[in-house]
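Remarks on the structure that follows.
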Amino acid sequence: MGSSRFSSELIRSSTDLVLLSLLRDNSMYGYEILMTLADRGNGDFEFKQGTLYPVLYRLEREGWIRAKWEIPPKGKKRKVYSLTAEGRKVQRVRAEEWARFTRSVNAILEECDHEEGKS
Amino acid sequence: MKKENRERIEGFLDEMEESLSGSRRQKEDIRTEIESDLLDRIAAEMDAGDSEKDAVDLALQEMGSPHEIAHGIDGVVAPASSSRIETLRRLVSVGVLLWAIYLCLNVRPWSYGAEGAATLAAVLLFHVPVIIFAWPGIIWRKNWLFGLIPAGLAIGIAMGVGMMGVASNAEIVIPMTDDPGAIVEASAPASDGSMPRWGQWLLFGGILCSFLVILGAMQQSQQRRWVFGLTSLFFLGVESAYQWEELRFRQDWKEIREFAEGYRDRRGGFPNKEALLSGGPPLHNDSFLFSDGTDGYSLFWNRPLSGGFALVADSRERSIRVQD
(Lines give C-alpha, C1' and ligand atoms only; values in the text may rest on other atoms or scores of the structure.)
Protein backbone atom coordinates (compact mmCIF):
# COMPACT_ATOMS: atom_id res chain seq x y z
CA MET A 1 0.00 0.00 0.00
CA GLY A 2 1.53 3.28 -1.02
CA SER A 3 1.05 5.84 1.70
CA SER A 4 2.24 9.40 1.51
CA ARG A 5 2.08 10.01 5.27
CA PHE A 6 2.03 6.82 7.33
CA SER A 7 4.23 3.79 6.83
CA SER A 8 2.72 1.06 4.68
CA GLU A 9 2.96 -1.43 7.59
CA LEU A 10 0.89 0.83 9.81
CA ILE A 11 -1.70 1.37 7.10
CA ARG A 12 -1.86 -2.35 6.30
CA SER A 13 -2.39 -3.35 9.91
CA SER A 14 -5.31 -0.99 10.31
CA THR A 15 -6.94 -1.19 6.87
CA ASP A 16 -9.58 -3.77 7.77
CA LEU A 17 -10.69 -1.84 10.83
CA VAL A 18 -10.72 1.48 8.99
CA LEU A 19 -12.78 0.13 6.08
CA LEU A 20 -15.22 -1.70 8.34
CA SER A 21 -15.64 1.45 10.43
CA LEU A 22 -16.28 3.56 7.34
CA LEU A 23 -18.94 1.17 6.11
CA ARG A 24 -20.57 0.78 9.51
CA ASP A 25 -22.99 3.64 9.05
CA ASN A 26 -23.05 4.20 5.29
CA SER A 27 -22.94 2.10 2.16
CA MET A 28 -20.22 3.31 -0.21
CA TYR A 29 -18.68 2.52 -3.57
CA GLY A 30 -14.94 2.20 -4.16
CA TYR A 31 -14.02 5.73 -5.12
CA GLU A 32 -16.31 7.15 -2.43
CA ILE A 33 -14.46 5.05 0.15
CA LEU A 34 -11.13 6.46 -0.99
CA MET A 35 -12.41 10.03 -0.86
CA THR A 36 -13.95 9.57 2.57
CA LEU A 37 -10.73 8.02 3.86
CA ALA A 38 -8.70 10.94 2.61
CA ASP A 39 -11.23 13.39 4.04
CA ARG A 40 -11.71 11.86 7.49
CA GLY A 41 -8.05 10.97 7.83
CA ASN A 42 -7.13 14.64 7.30
CA GLY A 43 -5.40 13.64 4.10
CA ASP A 44 -2.88 11.54 6.01
CA PHE A 45 -4.56 8.20 5.53
CA GLU A 46 -4.20 7.48 1.84
CA PHE A 47 -3.51 4.45 -0.20
CA LYS A 48 -3.41 3.69 -3.88
CA GLN A 49 -6.76 3.12 -5.52
CA GLY A 50 -5.52 -0.13 -7.04
CA THR A 51 -4.84 -1.64 -3.64
CA LEU A 52 -8.36 -0.99 -2.40
CA TYR A 53 -10.10 -3.66 -4.50
CA PRO A 54 -8.24 -6.75 -3.23
CA VAL A 55 -8.97 -5.58 0.33
CA LEU A 56 -12.66 -5.04 -0.40
CA TYR A 57 -12.95 -8.42 -2.14
CA ARG A 58 -11.21 -10.10 0.77
CA LEU A 59 -13.58 -8.51 3.29
CA GLU A 60 -16.48 -9.61 1.09
CA ARG A 61 -15.17 -13.18 0.98
CA GLU A 62 -14.82 -13.18 4.76
CA GLY A 63 -18.50 -12.31 4.89
CA TRP A 64 -17.88 -9.02 6.68
CA ILE A 65 -19.15 -6.77 3.89
CA ARG A 66 -21.59 -7.36 1.05
CA ALA A 67 -21.60 -5.83 -2.40
CA LYS A 68 -24.59 -4.81 -4.47
CA TRP A 69 -24.79 -3.29 -7.92
CA GLU A 70 -26.76 -0.06 -8.01
CA ILE A 71 -27.85 1.83 -11.07
CA PRO A 72 -28.97 5.34 -10.18
CA PRO A 73 -31.55 7.02 -12.46
CA LYS A 74 -28.82 9.34 -13.68
CA GLY A 75 -25.33 8.03 -13.60
CA LYS A 76 -23.15 4.98 -13.88
CA LYS A 77 -23.64 1.48 -12.59
CA ARG A 78 -21.81 1.23 -9.26
CA LYS A 79 -20.85 -1.53 -6.90
CA VAL A 80 -21.85 -0.42 -3.42
CA TYR A 81 -20.47 -2.04 -0.28
CA SER A 82 -22.17 -2.30 3.09
CA LEU A 83 -21.44 -4.02 6.39
CA THR A 84 -22.98 -7.39 7.29
CA ALA A 85 -24.04 -8.38 10.80
CA GLU A 86 -20.87 -10.45 11.05
CA GLY A 87 -18.82 -7.46 9.88
CA ARG A 88 -20.45 -5.29 12.52
CA LYS A 89 -19.33 -7.72 15.21
CA VAL A 90 -15.79 -7.90 13.82
CA GLN A 91 -15.65 -4.09 13.61
CA ARG A 92 -16.67 -3.77 17.25
CA VAL A 93 -14.13 -6.32 18.46
CA ARG A 94 -11.31 -4.84 16.39
CA ALA A 95 -12.14 -1.28 17.42
CA GLU A 96 -11.93 -2.29 21.09
CA GLU A 97 -8.71 -4.13 20.44
CA TRP A 98 -7.27 -1.14 18.61
CA ALA A 99 -8.24 1.20 21.46
CA ARG A 100 -6.53 -1.08 23.99
CA PHE A 101 -3.49 -1.34 21.77
CA THR A 102 -3.10 2.40 21.28
CA ARG A 103 -3.67 3.05 24.99
CA SER A 104 -0.97 0.54 25.79
CA VAL A 105 1.50 1.95 23.26
CA ASN A 106 0.78 5.50 24.40
CA ALA A 107 1.37 4.52 28.02
CA ILE A 108 4.73 3.01 27.13
CA LEU A 109 5.72 6.06 25.09
CA GLU A 110 4.67 8.46 27.84
CA GLU A 111 6.59 6.47 30.42
CA CYS A 112 9.67 6.46 28.23
CA ASP A 113 9.36 10.21 27.62
CA HIS A 114 8.94 10.76 31.35
CA GLU A 115 12.09 8.78 32.17
CA GLU A 116 14.00 10.58 29.43
CA GLY A 117 12.88 13.92 30.93
CA LYS A 118 14.11 12.89 34.39
CA SER A 119 17.53 11.87 33.11
CA MET B 1 -13.13 12.30 -23.61
CA LYS B 2 -10.40 12.44 -26.20
CA LYS B 3 -9.85 9.26 -28.15
CA GLU B 4 -6.22 8.82 -27.03
CA ASN B 5 -7.16 9.16 -23.35
CA ARG B 6 -10.07 6.75 -23.76
CA GLU B 7 -7.72 4.29 -25.45
CA ARG B 8 -5.25 4.49 -22.58
CA ILE B 9 -7.99 3.72 -20.09
CA GLU B 10 -9.28 0.87 -22.24
CA GLY B 11 -5.73 -0.46 -22.62
CA PHE B 12 -5.27 -0.44 -18.84
CA LEU B 13 -8.57 -2.21 -18.27
CA ASP B 14 -7.89 -4.76 -21.05
CA GLU B 15 -4.51 -5.57 -19.57
CA MET B 16 -6.01 -6.04 -16.12
CA GLU B 17 -8.87 -8.16 -17.42
CA GLU B 18 -6.50 -10.41 -19.33
CA SER B 19 -4.42 -10.96 -16.19
CA LEU B 20 -7.46 -11.95 -14.15
CA SER B 21 -8.44 -15.58 -13.81
CA GLY B 22 -12.00 -16.64 -13.12
CA SER B 23 -15.15 -16.66 -15.15
CA ARG B 24 -16.03 -14.16 -17.87
CA ARG B 25 -18.77 -12.70 -15.71
CA GLN B 26 -16.43 -12.22 -12.77
CA LYS B 27 -13.93 -10.43 -15.01
CA GLU B 28 -16.60 -8.19 -16.48
CA ASP B 29 -17.89 -7.24 -13.03
CA ILE B 30 -14.41 -6.34 -11.79
CA ARG B 31 -13.72 -4.34 -14.94
CA THR B 32 -17.01 -2.45 -14.68
CA GLU B 33 -16.36 -1.56 -11.06
CA ILE B 34 -12.81 -0.34 -11.61
CA GLU B 35 -13.74 1.55 -14.76
CA SER B 36 -16.55 3.33 -12.95
CA ASP B 37 -14.25 4.40 -10.11
CA LEU B 38 -11.51 5.37 -12.53
CA LEU B 39 -13.82 7.68 -14.46
CA ASP B 40 -15.03 9.23 -11.19
CA ARG B 41 -11.45 9.92 -10.23
CA ILE B 42 -10.66 11.50 -13.59
CA ALA B 43 -13.78 13.67 -13.39
CA ALA B 44 -12.82 14.81 -9.87
CA GLU B 45 -9.29 15.73 -10.96
CA MET B 46 -10.65 17.67 -13.94
CA ASP B 47 -13.09 19.50 -11.67
CA ALA B 48 -10.09 20.46 -9.55
CA GLY B 49 -8.51 22.08 -12.60
CA ASP B 50 -6.35 19.38 -14.18
CA SER B 51 -6.33 18.83 -17.89
CA GLU B 52 -7.91 15.64 -19.16
CA LYS B 53 -4.52 14.16 -19.99
CA ASP B 54 -3.11 15.00 -16.53
CA ALA B 55 -6.21 13.65 -14.84
CA VAL B 56 -5.93 10.36 -16.74
CA ASP B 57 -2.20 10.18 -15.98
CA LEU B 58 -2.79 10.71 -12.28
CA ALA B 59 -5.72 8.28 -12.08
CA LEU B 60 -3.81 5.50 -13.86
CA GLN B 61 -0.75 6.15 -11.74
CA GLU B 62 -2.85 5.89 -8.57
CA MET B 63 -4.31 2.62 -9.81
CA GLY B 64 -0.86 1.07 -10.11
CA SER B 65 0.07 -1.86 -12.31
CA PRO B 66 -2.90 -3.66 -13.90
CA HIS B 67 -1.11 -6.99 -13.39
CA GLU B 68 -0.63 -6.30 -9.69
CA ILE B 69 -4.29 -5.39 -9.24
CA ALA B 70 -5.31 -8.58 -11.05
CA HIS B 71 -2.89 -10.64 -8.99
CA GLY B 72 -4.17 -9.08 -5.75
CA ILE B 73 -7.79 -9.74 -6.68
CA ASP B 74 -7.09 -13.30 -7.86
CA GLY B 75 -5.59 -14.09 -4.46
CA VAL B 76 -8.79 -13.31 -2.59
CA VAL B 77 -11.64 -13.97 -4.99
CA ALA B 78 -12.91 -17.52 -5.18
CA PRO B 79 -12.12 -18.89 -8.62
CA ALA B 80 -15.40 -19.29 -10.47
CA SER B 81 -16.04 -21.49 -13.45
CA SER B 82 -18.49 -20.96 -16.26
CA SER B 83 -22.15 -20.95 -15.31
CA ARG B 84 -22.56 -24.40 -16.87
CA ILE B 85 -19.77 -25.86 -14.72
CA GLU B 86 -21.18 -24.10 -11.65
CA THR B 87 -24.60 -25.63 -12.29
CA LEU B 88 -22.95 -29.01 -12.69
CA ARG B 89 -21.07 -28.55 -9.42
CA ARG B 90 -24.29 -27.61 -7.63
CA LEU B 91 -26.01 -30.70 -9.03
CA VAL B 92 -23.09 -32.88 -7.92
CA SER B 93 -23.25 -31.34 -4.42
CA VAL B 94 -26.99 -31.94 -4.14
CA GLY B 95 -26.52 -35.48 -5.48
CA VAL B 96 -23.80 -36.26 -2.93
CA LEU B 97 -25.91 -34.68 -0.19
CA LEU B 98 -28.95 -36.83 -1.05
CA TRP B 99 -26.75 -39.91 -1.33
CA ALA B 100 -25.19 -39.15 2.08
CA ILE B 101 -28.63 -38.78 3.68
CA TYR B 102 -29.82 -42.03 2.06
CA LEU B 103 -26.65 -43.81 3.17
CA CYS B 104 -26.91 -42.51 6.74
CA LEU B 105 -30.51 -43.64 7.07
CA ASN B 106 -29.66 -47.06 5.65
CA VAL B 107 -26.36 -47.67 7.39
CA ARG B 108 -27.34 -46.61 10.90
CA PRO B 109 -29.83 -49.46 11.58
CA TRP B 110 -27.13 -52.04 10.81
CA SER B 111 -25.28 -51.25 13.99
CA TYR B 112 -26.07 -50.68 17.63
CA GLY B 113 -25.18 -48.14 20.31
CA ALA B 114 -21.96 -46.16 20.14
CA GLU B 115 -20.85 -48.12 17.13
CA GLY B 116 -23.93 -46.95 15.25
CA ALA B 117 -23.10 -43.36 16.12
CA ALA B 118 -19.51 -43.89 14.96
CA THR B 119 -20.71 -45.36 11.66
CA LEU B 120 -23.07 -42.44 11.11
CA ALA B 121 -20.30 -39.96 11.92
CA ALA B 122 -17.93 -41.75 9.54
CA VAL B 123 -20.43 -41.51 6.68
CA LEU B 124 -20.90 -37.79 7.34
CA LEU B 125 -17.19 -37.14 7.75
CA PHE B 126 -16.57 -38.81 4.43
CA HIS B 127 -19.27 -36.97 2.48
CA VAL B 128 -19.33 -33.46 3.97
CA PRO B 129 -15.87 -32.53 2.58
CA VAL B 130 -16.97 -33.69 -0.88
CA ILE B 131 -20.08 -31.50 -0.67
CA ILE B 132 -18.05 -28.52 0.53
CA PHE B 133 -15.56 -29.00 -2.29
CA ALA B 134 -18.17 -29.49 -4.98
CA TRP B 135 -20.43 -26.53 -4.13
CA PRO B 136 -18.97 -23.50 -5.93
CA GLY B 137 -17.52 -20.67 -3.91
CA ILE B 138 -17.36 -22.28 -0.47
CA ILE B 139 -13.70 -23.21 -0.60
CA TRP B 140 -11.42 -20.49 -1.77
CA ARG B 141 -7.71 -20.00 -1.84
CA LYS B 142 -6.19 -19.16 1.47
CA ASN B 143 -3.06 -20.03 3.35
CA TRP B 144 -3.21 -23.81 3.69
CA LEU B 145 -0.75 -23.74 6.58
CA PHE B 146 -3.28 -21.70 8.52
CA GLY B 147 -5.52 -24.75 8.58
CA LEU B 148 -2.80 -27.34 9.11
CA ILE B 149 -2.14 -26.39 12.73
CA PRO B 150 -5.76 -26.87 13.88
CA ALA B 151 -5.90 -29.97 11.68
CA GLY B 152 -2.89 -31.46 13.50
CA LEU B 153 -4.51 -30.65 16.82
CA ALA B 154 -7.77 -32.22 15.66
CA ILE B 155 -6.12 -35.49 14.72
CA GLY B 156 -4.30 -35.61 18.06
CA ILE B 157 -7.44 -34.86 20.04
CA ALA B 158 -9.50 -37.34 17.99
CA MET B 159 -6.97 -40.11 18.63
CA GLY B 160 -6.58 -39.24 22.30
CA VAL B 161 -10.28 -38.99 23.04
CA GLY B 162 -10.99 -42.12 21.01
CA MET B 163 -8.45 -44.14 22.97
CA MET B 164 -9.82 -43.07 26.33
CA GLY B 165 -11.93 -45.80 27.87
CA VAL B 166 -11.32 -48.32 25.09
CA ALA B 167 -11.29 -51.80 26.55
CA SER B 168 -8.20 -53.91 26.20
CA ASN B 169 -8.33 -56.74 23.69
CA ALA B 170 -8.82 -59.31 26.43
CA GLU B 171 -12.01 -57.62 27.55
CA ILE B 172 -13.58 -57.12 24.20
CA VAL B 173 -16.69 -59.19 23.82
CA ILE B 174 -17.07 -60.90 20.51
CA PRO B 175 -20.70 -61.70 19.92
CA MET B 176 -21.15 -65.15 18.44
CA THR B 177 -23.91 -66.24 16.16
CA ASP B 178 -24.56 -69.21 13.93
CA ASP B 179 -26.83 -67.23 11.71
CA PRO B 180 -24.89 -66.10 8.62
CA GLY B 181 -27.49 -63.41 8.02
CA ALA B 182 -26.84 -61.80 11.34
CA ILE B 183 -24.95 -58.57 11.23
CA VAL B 184 -22.50 -58.61 14.02
CA GLU B 185 -20.20 -55.71 14.46
CA ALA B 186 -17.57 -56.14 17.08
CA SER B 187 -14.08 -55.01 17.78
CA ALA B 188 -11.89 -57.89 16.79
CA PRO B 189 -8.70 -58.34 18.77
CA ALA B 190 -5.40 -57.84 17.02
CA SER B 191 -3.99 -61.29 16.82
CA ASP B 192 -0.95 -60.71 14.63
CA GLY B 193 0.44 -57.54 16.14
CA SER B 194 -1.14 -55.35 13.50
CA MET B 195 -3.19 -52.28 14.37
CA PRO B 196 -6.48 -53.29 16.00
CA ARG B 197 -9.68 -52.44 14.21
CA TRP B 198 -10.67 -49.66 16.57
CA GLY B 199 -7.24 -48.12 16.01
CA GLN B 200 -7.85 -48.09 12.29
CA TRP B 201 -11.22 -46.46 12.82
CA LEU B 202 -9.63 -43.86 15.06
CA LEU B 203 -6.98 -43.10 12.49
CA PHE B 204 -9.56 -42.93 9.74
CA GLY B 205 -11.83 -40.66 11.76
CA GLY B 206 -8.90 -38.52 12.87
CA ILE B 207 -7.71 -37.98 9.31
CA LEU B 208 -11.22 -37.10 8.14
CA CYS B 209 -11.67 -34.75 11.10
CA SER B 210 -8.42 -32.98 10.38
CA PHE B 211 -9.33 -32.69 6.70
CA LEU B 212 -12.66 -31.18 7.66
CA VAL B 213 -10.92 -28.70 9.96
CA ILE B 214 -8.66 -27.62 7.09
CA LEU B 215 -11.68 -27.10 4.88
CA GLY B 216 -13.48 -25.29 7.68
CA ALA B 217 -10.55 -22.90 8.07
CA MET B 218 -10.88 -22.04 4.40
CA GLN B 219 -14.52 -21.05 4.62
CA GLN B 220 -16.28 -17.89 5.61
CA SER B 221 -17.23 -18.09 9.26
CA GLN B 222 -20.91 -17.79 8.34
CA GLN B 223 -20.72 -20.62 5.81
CA ARG B 224 -18.73 -22.67 8.29
CA ARG B 225 -21.47 -22.21 10.89
CA TRP B 226 -24.11 -23.31 8.38
CA VAL B 227 -22.19 -26.39 7.21
CA PHE B 228 -21.20 -27.60 10.67
CA GLY B 229 -24.49 -26.56 12.26
CA LEU B 230 -26.65 -28.41 9.73
CA THR B 231 -24.37 -31.47 9.78
CA SER B 232 -24.47 -31.58 13.58
CA LEU B 233 -28.25 -31.13 13.62
CA PHE B 234 -28.70 -33.96 11.12
CA PHE B 235 -26.36 -36.20 13.10
CA LEU B 236 -28.07 -35.42 16.39
CA GLY B 237 -31.54 -35.84 14.85
CA VAL B 238 -30.85 -39.27 13.37
CA GLU B 239 -28.69 -40.51 16.22
CA SER B 240 -31.03 -39.41 19.01
CA ALA B 241 -33.94 -41.22 17.29
CA TYR B 242 -31.93 -44.44 17.14
CA GLN B 243 -30.56 -43.98 20.66
CA TRP B 244 -34.14 -43.56 21.92
CA GLU B 245 -35.18 -46.69 20.07
CA GLU B 246 -32.26 -48.66 21.51
CA LEU B 247 -32.96 -47.34 24.99
CA ARG B 248 -36.50 -48.70 24.81
CA PHE B 249 -35.15 -52.03 23.60
CA ARG B 250 -32.80 -52.18 26.57
CA GLN B 251 -35.71 -51.34 28.90
CA ASP B 252 -37.77 -54.17 27.38
CA TRP B 253 -34.85 -56.56 27.60
CA LYS B 254 -34.26 -55.64 31.23
CA GLU B 255 -37.88 -56.31 32.10
CA ILE B 256 -37.85 -59.63 30.27
CA ARG B 257 -34.69 -60.65 32.09
CA GLU B 258 -36.10 -59.71 35.47
CA PHE B 259 -39.25 -61.67 34.73
CA ALA B 260 -37.35 -64.72 33.42
CA GLU B 261 -34.81 -64.76 36.25
CA GLY B 262 -37.61 -64.48 38.83
CA TYR B 263 -39.52 -67.26 37.06
CA ARG B 264 -36.43 -69.47 37.15
CA ASP B 265 -35.86 -68.78 40.85
CA ARG B 266 -39.44 -69.70 41.62
CA ARG B 267 -39.83 -72.69 39.31
CA GLY B 268 -36.34 -73.96 38.69
CA GLY B 269 -36.22 -73.22 34.95
CA PHE B 270 -36.70 -70.47 32.44
CA PRO B 271 -40.24 -69.84 31.19
CA ASN B 272 -41.23 -71.33 27.88
CA LYS B 273 -42.56 -69.19 25.04
CA GLU B 274 -46.16 -69.33 26.19
CA ALA B 275 -45.26 -68.41 29.76
CA LEU B 276 -43.12 -65.51 28.52
CA LEU B 277 -45.89 -64.21 26.28
CA SER B 278 -48.72 -64.63 28.77
CA GLY B 279 -47.01 -63.69 32.03
CA GLY B 280 -44.18 -61.49 30.81
CA PRO B 281 -44.09 -57.70 30.95
CA PRO B 282 -45.79 -55.57 28.27
CA LEU B 283 -43.26 -54.55 25.63
CA HIS B 284 -42.83 -51.37 23.62
CA ASN B 285 -42.78 -53.12 20.31
CA ASP B 286 -44.17 -56.05 18.37
CA SER B 287 -41.52 -58.38 19.66
CA PHE B 288 -40.88 -62.06 19.35
CA LEU B 289 -39.94 -63.97 22.41
CA PHE B 290 -38.29 -67.31 22.11
CA SER B 291 -37.67 -69.74 24.84
CA ASP B 292 -37.32 -73.48 24.93
CA GLY B 293 -38.05 -73.43 28.64
CA THR B 294 -34.69 -74.87 29.62
CA ASP B 295 -31.43 -73.03 29.15
CA GLY B 296 -32.35 -69.62 27.83
CA TYR B 297 -34.60 -67.16 26.05
CA SER B 298 -34.23 -64.37 23.49
CA LEU B 299 -35.97 -61.21 22.41
CA PHE B 300 -36.37 -60.18 18.76
CA TRP B 301 -37.47 -56.59 18.45
CA ASN B 302 -38.27 -55.14 15.01
CA ARG B 303 -36.68 -51.72 14.65
CA PRO B 304 -39.57 -49.24 14.34
CA LEU B 305 -37.37 -46.74 12.45
CA SER B 306 -36.09 -49.27 9.94
CA GLY B 307 -38.27 -52.06 8.68
CA GLY B 308 -36.39 -55.24 7.93
CA PHE B 309 -33.96 -54.91 10.81
CA ALA B 310 -34.33 -56.41 14.26
CA LEU B 311 -32.49 -55.98 17.52
CA VAL B 312 -31.73 -59.31 19.07
CA ALA B 313 -30.75 -60.17 22.62
CA ASP B 314 -30.22 -63.66 23.92
CA SER B 315 -29.72 -64.74 27.52
CA ARG B 316 -26.87 -67.05 26.40
CA GLU B 317 -24.94 -64.35 24.60
CA ARG B 318 -23.21 -61.39 26.11
CA SER B 319 -24.17 -58.79 23.53
CA ILE B 320 -27.03 -57.25 21.66
CA ARG B 321 -26.86 -57.64 17.91
CA VAL B 322 -28.65 -56.45 14.83
CA GLN B 323 -30.23 -58.89 12.44
CA ASP B 324 -31.28 -58.22 8.91
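A few notes on this one:
- Only helical runs count toward this figure. For the protein assembly as shown, summing -39,500 (n - 2.57) over DSSP H runs of n ≥ 4 and dividing by all residues gives -22000 deg cm²/dmol at 222 nm.
- Distance between the stretch A:8-70 and the stretch B:57-78 - C-alpha centres, whole angstrom: 15
- Note on A:Lys89: lysines with a C-alpha under 28 Å away, same-chain residues under 8 apart excluded, are A:Lys48, A:Lys68, A:Lys79, B:Lys142.
- On Cα atoms only, tilt of A:85-118 relative to the major axis of chain A in degrees: 20
- Cα gyration tensor, the stretch A:8-118 - rounded (a/c under 1.5), prolate or oblate: prolate
- For B:Ala114 and A:Arg92, a Förster radius of 60 Å and the Cβ-Cβ distance give a FRET efficiency of 0.90, rounded to the nearest 0.05.
- Rg [Å, one decimal], Dmax [Å, integer] - the stretch B:3-74, C-alpha atoms: 12.4, 39
- Between A:Ile71, A:Ile108, A:Ile33, the residue with the greatest mean-square fluctuation in the GNM of chain A (Cα pairs under 10 Å linked by springs) is A:Ile108.
- Extension reserve of the B:Ser232-B:Glu261 stretch, reckoned as 0.36 nm per residue once the Cα distance is removed: 6.3 nm
- Anchor B:Lys273: lysines whose Cα lies under 21 Å away (excluding residues fewer than 8 positions away in-chain): B:Lys254
- Of the solvent-accessible surface of the stretch B:3-74, computed with a 1.4 Å probe over protein heavy atoms with every protein chain present, carbon and sulfur atoms account for 45 percent.
- Cα gyration tensor shape of the stretch B:246-323, rounded if a/c is under 1.5, else prolate or oblate by comparing a/b with b/c: prolate
- Complex-versus-alone comparison for the stretch A:1-49, residues with a loss of 30 Å² or more in accessible area, probe 1.4 Å: A:Tyr31, A:Lys48, A:Gln49
- For the stretch A:26-118, trypsin sites (Lys or Arg not before Pro) meeting the loop criterion (DSSP other than H, G, I, E, B) and having at most 11 other Cβ atoms within 10 Å: A:Lys74.
- Dividing the C-alpha radius of gyration of the stretch A:1-59 by 2.2 N^0.38 Å, with N its residue count, gives 1.00.
- Between 0 and 90°, nearest 10: helix A:49-62 axis offset from chain A longest Cα axis: 80
- Heavy-atom accessible surface of chain A: percent carbon and sulfur, 1.4 Å: 50
The values are calculated or read from the model by the stated rules, or taken from the named source; none is laboratory data. The structure displayed is predicted, hence computed values, not measured ones. Positions of Cβ are backbone-derived with ideal geometry, glycine not excepted, and every protein chain shown enters the neighbour counts. Accessible surface areas use protein heavy atoms only, side chains included; no ligands, DNA or RNA. Shrake-Rupley method; radii C 1.70, N 1.55, O 1.52, S 1.80 Å.
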